[in-house]
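J.: Supplied in structure tokens, the structure appears directly below.
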């Protein structure tokens, strides 16, 4: 599992690594699920306790949609732990079957690229978390100095929730719950997202190996005085190329089928999250800007855009690699 060592660390944090399932990892899953679910419930209860207006609905769903996305991803991964473990075993089997040094170099290059993606996104998420938490305690430290006008110095909870308790008295506990919830949600999106990126980049490497095997077979075929032994080697190369191409296709289809429901929910609530947060930002910019309320929509919009861009980029990358196989042949 060396190819997935960094992903393993991220998934262990939220108890989703499919190997070594212990009582502690189950406890982690229960805690993460409970915290994410409670956050969604406490945000939605504002629609019951407050006067339900269009602005309130927009404000509530602009934040709650982000947590619904993270909960959908978390549940999908938690439910399909066995299937995820099976995919990891298949990918490790593919890696161990490679004997040609050039093929090993290809798959190592792609796994290295996947690791770089994971590290880069982790650094980016750490930055978002730092900004989100720091500006709660030091709202005067602003990213955009022009927005510093009329910023209140009072402490403020960035995500509005209804806890049915005295929020002034238990402010620190509420703030702790909000920050822990945000961190779990962000780590869930990050760890599961980077794991899927690694899966798909690995399959891109398999498509690349298919191209390599086809090219090698064709180069042998155009040589003069091809012996019977050489012809047999050409047939073997073509056979192995077809086999690994089929494996890559099956793995990609299998991964998509496992996370079909999750992908549907991501598309629906991801678009809702982006649209409502953009609406909130434009509304704030057209009126008096409150920097404390400005933080969450900016973070949500940034995460949504980055996530959508990478998802589309990886998807197009898979299509391009698959097309390269047919162009090579």
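Values in this text are rule-based calculations from the coordinates and carry no lab data. The structure displayed is predicted, hence computed values, not measured ones. Using ideal geometry, Cβ is built from the backbone for each residue, glycine included, and neighbour counts are taken over all protein chains shown.
J.: Stretched out fully, how many nm does the piece from residue 20 to residue 279 gain, at 0.36 nm a residue minus the Cα gap?
T.: Gain on stretching residue 20 to residue 279: 88.8 nm.
J.: Rounded to the nearest 10 degrees, what's the angle between the helix 54-79 long axis and the longest principal axis of the chain, both from Cα atoms, 0 to 90?
T.: 40
J.: Over the chain, what is the mean sequence separation of C-alpha contacts under 8 Å (at least six apart), divided by residue count, expressed as relative contact order in percent?
T.: Details: 304 pairs, mean separation 94.0, N = 329.
The value is 29 percent.
J.: I would also like to ask the following. Starting from a Cα-only point model with no solvent, please compute log10 I(q)/I(0) by Debye for the stretch 1-103 at q = 0.11, 0.13, 0.17 1/Å.
T.: For the requested q values the scattering log ratios are -0.51, -0.63, -0.85.
J.: Sorted by packing (mean other beta-carbon atoms within 10 Å per residue), highest first, where do 178-186, 17-25 land?
T.: 178-186, 17-25
J.: Can you give the percent of C-alpha pairs in the chain whose distance is more than 37 Å?
T.: Values: 16368 of 53956 pairs.
Summing the P(r) tail past 37 Å for the chain gives 30 percent.
J.: Would you calculate a helix-derived [θ] at 222 nm for the chain, using -39,500 (n - 2.57) for each DSSP H run of n ≥ 4 and dividing by the full residue count, to the nearest 500?
T.: -28500 deg cm²/dmol
J.: While we're looking at this one, here's another question. Just to confirm the number: angle between the C-alpha axis of helix 260-285 and the first principal axis of the chain, 0 to 90 degrees, nearest 10?
T.: 40
J.: When you count, for each residue, the other Cβ atoms within 10 Å and take the mean per peptide, how do 311-321, 34-44, 293-303 rank with the highest first?
T.: Put in order of decreasing packing, that is 293-303, 34-44, 311-321.
J.: Next question. Quote the FRET efficiency, to the nearest 0.05, computed for residue 102 versus residue 249 with a Förster distance R0 of 22 Å and r equal to the Cβ-Cβ distance.
T.: 0.50
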